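See below for the structure under consideration.
The values are calculated or read from the model by the stated rules, or taken from the named source; none is laboratory data. Since the structure is predicted, the reported quantities are computational estimates derived from the model, not experimental observations. Note: ideal-geometry Cβ built from the backbone for every residue, glycine included; neighbour counts use all protein chains shown.
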Amino acid sequence: MKEGSLKGTGKGMRPANGSTLLTVRVSPGSRRSRLKGYNQWRDEWELEVSSPPRKGEANMEVIRLLSNILGVAERDLVITHGSRDARKIIQIRGLEPEVVSGFLGCEM
């Protein structure tokens, strides 16, 4: 696939200029924070976070959770779409989709 192409690669992610755009659905106010798994029908990753959806608390926890899973700094993760919605697109700077898929435990 060409560098910078926005054509989907599947598994809820696509490349974007040396980064990966990851589609997630967040369930705030859960018992614990975790990566629940991949929903193939929605083509997005499901995350549960314990923080409530107020004043950006859940969004910050999403960034912390993904930072720990992917082994990247929090500053390399940006919510590009959906900061006030359950469905979000998160840019992961510096990692290609193939690398992200390895951390998430899936094959491309």
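List of remarks:
- Candidate set from the stretch 85-98 (those that are over 21 Å from ARG54 (Cα atoms) and either without any contact (Cβ under 8 Å) to a residue 40 or more places away in the chain or not aliphatic (A, V, I, L, M) (or both)); member that is surrounded by the most Cβ atoms within 10 Å (Cβ to Cβ): PRO97
- Some residue of the stretch 56-75 being in contact with a Gly (Cβ under 9 Å, 6 or more places away or on another chain) and within 14 Å of GLY29 (Cβ to Cβ): yes
- Residue count, the stretch 54-84 (criterion: crowded, with 18+ Cβ neighbours inside 10 Å and among the small types (Gly, Ala, Ser)): 1
- With respect to the conditions (1) over 12 Å from LEU21 (Cα atoms); (2) free of Cβ contacts under 8 Å to residues at least 24 places away in the same chain; (3) not hydrophobic (A, V, I, L, M, F, W, C), ASP43 lacks only one, and its number is (2).
- Taking the stretch 29-84 as the region of interest, the strands (runs of 3 or more DSSP E) fully inside it that hold 1 or more residues being out of contact with any Phe, Trp or Tyr (no Cβ under 7 Å at 6 or more places or on another chain) and among the hydroxyl-bearing types (Ser, Thr, Tyr) are 77-81.
- In the stretch 9-25, the residues that are out of contact with any helix residue (DSSP H, G or I) (no Cβ under 6 Å at 6 or more places or on another chain), part of a strand (DSSP E or B) and not charged (D, E, K, R): ALA16, SER19, LEU21, LEU22, THR23, VAL24
- Each residue in the stretch 86-108 was checked for being part of a loop (DSSP other than H, G, I, E, B) and either at pLDDT 95 or above or small (Gly, Ala, Ser) (or both), and 3 of them qualify.
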